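The structure appears below as structure tokens.
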Amino acid sequence: MYNGFTDAVVRAVTRRDSRRHVSPGGGAFQGTEAKQRCDDGNGCCYSGGDGRGVRHSERAAGNESRRLPIGRTAPSPLQKTRNKRLDSIQTVITGKTRLPSPPLICINILDLVREDDFTFQDLAQVIGADPSLTAKLLKVANTPYYNLSGSVTSIEKAVAILGVNIVKIIALSFVVYSEFQVEEDGSFDIDLFWRRSLTSAVAAEQIATALTGSGGNLFLIALLQDIGALLMRNWRPTDYRQLSRTALNGRAPLHHLERDFFGFDHQTAGAELFKSWNFPEAICLPIRYHHCGDDAPQQYRLAIDILEAANVLSCFYNDSHDVAKITQAKHLLTAGLGFEQHAADSLIEEVARKSGEMFVAFGINGATMKPLSQILQEANEELGAMYHSYELMMLELKQAREKAEALAQELHESNERHREMAYKDDLTQAYNYRFFQEALGQEISRSQRYGREFSLVLFDLDQLKEINDTHGHLVGSQVLVNVSRLVQKKVRATDIFARLGGDEFGIILPETDASKAGIVAEQIRRSIEASAGNITATISVGVTSYSSDHGDWDKRVIFNKADAALYMAKKTGKNRVHVA
């Protein structure tokens with residue numbers, strides 16, 4: 001259990017704020033006159049931005065006897081006020097509370113995973129040195145959240161099945177969770193704090209996995225993002241309780257109130273803590289900016305967008321089931337992160353189910369979480385109970401609702417079929433030109449927003465006219481179908497493969513540069529050539545790529561470049577790949 005806030009955090013904040021002071025209104029100005037308390041071994045002095053200072057004994061002699069360093073001017077009243085606030089924060093904390101030290105097991109895990117040549121056995125040995133952590137990790141590893149394949153009985157097996165990163169994240173999560181437990185005082189619910197944090201962690205990992213195929217460090221980042229609030233609450237419980245009440249009343253966000261009152265917020269406090277524990281920058285910086293993503297380095301913007309959506313979902317499930325929160329969460333997932341509506345709904349349901357599993361694994365007693373569908377169902381049931389005297393009317397309404405739902409489901413299925421028909425090529429069942437153009441525009445927008453690269457591949461058959469003339473159009477159509485099936489087996493689920501017309505096809509390869517796209521194109525070309533059988537069928541392929549460095553390129557420019565590459569492949573002998 002930790003014992004309070006940290007002089008180290010305040011020293012770090014004070015060093016930064018000596019260069020940039022935050023005003024009560026949230027603004028900032030540059031301050032070379034900021035004073036920092038230091039100790040030269042003989043007493044206390046106040047040093048200015050140039051390294052020179054005035055002794056404490058000189059300050060006690062009065063304003064008239066105080067001498068300013070040459071070239072310095074007296075600080076303004078506003079500067080004195082801000083300096084006094086920083087000094088008072090440091091005075092209150094220094095000597096009374098200490099920065100929580102990282103547990104030895106945490107240090108050992110972090111040190112190990114920094115080594116390039118560590119093995120599964122090394123990680124298992126480090127974790128196995130702590131029997132309590134081992135038992136907790138195996139308990140989580142055997143939950144449906146992480147493992148559907150059978151019983152995990154050893155740390156070595158957990159590492160082999162789950163992977164190093166997941167085991168590392170689970171272990172560090174338990175270490176920090178065990179370290180930051182506070183006593184109940186009637187005004188703070190520590191179990192609610194951890195329920196919120198765990199739900200955010202589950203949601204962030206689920207969103208990241210859906211978007212990128214991997215949760216990365218998002219579970220751990222989301223779990224730890226508000227640890228700074230625990231530190232600040234333990235440091236100044238009365239003041240922090242009042243700030244929390246003010247934030248709950250909706251007057252201002254909590255992190256704004258923290259900055260106005262203390263000069264820094266829980267983002268900074270948490271980030272400084274984990275930085276002092278030697279956590280990597282990829283964890284500390286998203287924590288530092290999780291409430292102010294626009295100020296974060298570009299490479300962390302997506303992580304912070306994911307944290308925002310995860311936090312809104314956590315608020316909905318753990319607080320008041322506010323309709324505005326679930327509406328906001330759906331908007332962030334669909335409009336902000338590009339989820340389809342049905343995918344967003346499924347994810348919201350999964351977050352509730354998987355969060356419940358993690359509550360049990362972390363030993364949060366009595367914690368349950370109802371999925372959104374159950375919440376809506378119970379709301380309907382409660383509404384029916386309010387009007388029990390109108391049972392017949394309610395029955396009729398229920399029947400009408402069931403009919404409406406059946407019709408709606410039928411309409412939905414019909415719309416899905418029509419949508420599929422509208423976007424699929426009848427012959428090859430690949431996507432059609434219309435869908436391909438929409439997907440290309442979306443991929444350009446995603447690349448510009450997140451700084452990602454993607455590639456465009458165009459190809460057509462070299463001999464389709466000869467096949468049609470020699471064997472007939474039915475055989476030519478079957479060749480197109482066979483080529484399409486072959487390509488669909490070669491591309492990833494995230495790639496977009498479409499028939500653009502006649503014998504011309506296109507592929508969008510997200511997160512793929514030109515060189516890798518050229519390799520994929522060559523593999524497809526060889527597989528088609530090898531499967532031709534008695535009827536010769538080869539393709540010529542053009543490849544180009546796009547990144548945000550290309551500026552305002554639009555669909556037409558990118559398409560033309562790939563088309564020009566295809567023309568060069570044809571011109572230089574066919575049955576080849578040309579990368580532009």
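The values are calculated or read from the model by the stated rules, or taken from the named source; none is laboratory data. None of the values given here were measured: they were computed from a predicted structure. Note: ideal-geometry Cβ built from the backbone for every residue, glycine included; neighbour counts use all protein chains shown. SASA here: full protein model, heavy atoms, side chains in, ligands and nucleic acids out. Shrake-Rupley method; radii C 1.70, N 1.55, O 1.52, S 1.80 Å.
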For Ile375, work out the one condition from (1) in contact (Cβ under 8 Å) with a residue 40 or more places away in the chain; (2) open to solvent by 30 Å² or more (accessible area, probe 1.4 Å); (3) not assigned by the TED database to the domain that holds Leu218 it doesn't fulfil. (2)
May I ask you to list pairs of residues, at least six apart or on different chains, whose Cβ atoms are under 9 Å apart, with the first in segment 548-560 being in contact (Cβ under 8 Å) with a residue 12 or more places away in the chain and the second being open to solvent by 40 Å² or more (accessible area, probe 1.4 Å) and aromatic (Phe, Trp, Tyr)? Ser548/Tyr450
Go over the candidates His256, His291 one by one and state the one that is open to solvent by 50 Å² or more (accessible area, probe 1.4 Å) and not in a helix (DSSP H, G or I). His291
Selected residue [in contact with a Leu (Cβ under 8 Å, 6 or more places away or on another chain), open to solvent by 20 Å² or more (accessible area, probe 1.4 Å) and modelled with pLDDT of 75 or more] from Val126, Val113: Val126
Tell me, please, whether a residue that is crowded, with 17+ Cβ neighbours inside 10 Å and part of a helix (DSSP H, G or I) can be found in segment 526-548. yes
For segment 524-542, indicate whether the set of residues that are in contact with a Ser or Thr (Cβ under 8 Å, 6 or more places away or on another chain), hydroxyl-bearing (Ser, Thr, Tyr) and either in the same structural domain as Lys561 (by the TED database) or without any contact (Cβ under 8 Å) to a residue 12 or more places away in the chain (or both) is non-empty. no
Within segment 450-458, is there a residue that is modelled with pLDDT under 90 and assigned to a helix (DSSP H, G or I)? yes
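Take the residues in segment 129-160 that are in a loop (DSSP other than H, G, I, E, B) and open to solvent by 60 Å² or more (accessible area, probe 1.4 Å), then tell me which one is modelled with the lowest pLDDT.
Leu148
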Condition first: assigned to a helix (DSSP H, G or I) and among the β-branched types (Val, Ile, Thr). Now tell me which residues in segment 330-379 satisfy that. Thr334, Ile348, Val351, Val360, Ile375
Check off (1) surrounded by fewer than 23 Cβ atoms within 10 Å (Cβ to Cβ); (2) touching a helix residue (DSSP H, G or I) at 6+ places or on another chain (Cβ under 9 Å); (3) among the charged types (D, E, K, R); (4) part of a helix (DSSP H, G or I) for Arg245 and give me the number that stays unchecked. (2)
Out of all the residues in segment 455-463, is one or more surrounded by 21 or more Cβ atoms within 10 Å (Cβ to Cβ), closer than 30 Å to Gln298 by Cα, in contact with a Phe, Trp or Tyr (Cβ under 8 Å, 6 or more places away or on another chain) and in the same structural domain as Thr538 (by the TED database)? yes
Inside segment 549-580, can you point out the residues that are in a helix (DSSP H, G or I) and either surrounded by 21 or more Cβ atoms within 10 Å (Cβ to Cβ) or of a type in the set (A, V, I, L, M) (or both)? Val557, Ile558, Ala562, Ala564, Ala565, Leu566, Met568, Ala569
If I ask for residues that are at pLDDT 85 or above and of a type in the set (A, V, I, L, M), which ones from segment 248-265 would you list? Leu254, Leu257
